Amino acid sequence: MAAKKERGYVVDTFHKMRRGPQILTQKDIGLILGMTGCGSGWRVVEAGSGSGALSMFLANAVQPKGMLYSYDWRTEHLEIAKENIKRAGLTKFVEFAHADIAAGIKQKSVEMVVLDLAEPWLVVPHAEEALKPGGFFVAYVPTYEQMKEIVTTLRNYKFKEPKAYDHAIREYQVEENATRPVNVGLVHTGFLIFARKLSGINKVE
């Protein structure tokens, strides 16, 4: 009987993954996981699937008892994401949906909704309905105008005051008498907006 192949490290699959659409960087993915505490048993909704970079880390975080529901309306993106999730050995923890999430979210009482879309504000009403009280809404956007639009929209729904972040990382070369920053640093990539669903009233007055 052949030995069962063990799943490798997600970070290694990330670096070797098949690329399609632009992916979220590890620094942004790390902030999402750190700010929300996403873990085993969580039910998480994301859109769009893209190349599956964020999907890998989310699925790895929620397994073995949770599930990631990943929406994308582009067939070609779903194919790439599915391939990368398979390479990571996480297929049974991800359910893909070929659908436009702006038309609605099928799942209810989820712990988190994560969006990497051009117009995430269109999904806010559906996210409010899908999230359990205290659940996390997260959106990644690259521009100031998008950031302002999503924050303004969230303030009109059942969410605590949104928080927006931009962060940078810099690698250092550490050598005897020559410790210095590596010349190229990963500075601005985009903005991450976080909000938590309130309980009780339908809208924040």
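Nothing in this text is a laboratory measurement; each read-out follows from the coordinates by a stated rule. As the structure is a computational prediction, the values presented were derived from the model and not from experiment. Note that each Cβ is placed from the backbone with ideal geometry, even for glycine, and that neighbours are counted across all protein chains shown.
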- Query: Taking amide H positions as placed 1.01 Å from N in the peptide plane, with prolines and chain starts having none, which residues 5 or more places from residue 74, or on another chain, fall under 5 Å of its amide H?
  - Reply: none
- Taking a straight Cα-to-Cα line shorter than 20 Å from residue 148, and setting aside same-chain aspartates and glutamates fewer than 8 residues away, one finds 28, 116, 119, 128, 161, 166, 205
- Message: Only four residue types carry charge here, +1 at the Cβ of Lys and Arg and -1 at the Cβ of Asp and Glu. Report the dipole size of the stretch 105-205 about the Cα centre in Debye, rounded to the nearest 20.
- Response: 520
- Task: Kindly flag which residue pairs out of 108/197; 82/163; 65/132; 65/158; 86/163; 163/197 have an alpha-carbon separation exceeding 22 Å in this structure.
- Result: 82/163; 65/158; 86/163
- Using the Cα atoms as the points, what is the convex hull volume per residue of the stretch 24-196 in Å³? 131
- Between residue 15 and residue 92, what is the spin-label point distance in nm, taking each point 7 Å from the Cα along the Cα→C-beta axis? 2.8
- How long is the gain from residue 174 to residue 100 if the chain were fully straight, where each residue apart is worth 0.36 nm and the alpha carbon distance is subtracted? 21.9 nm
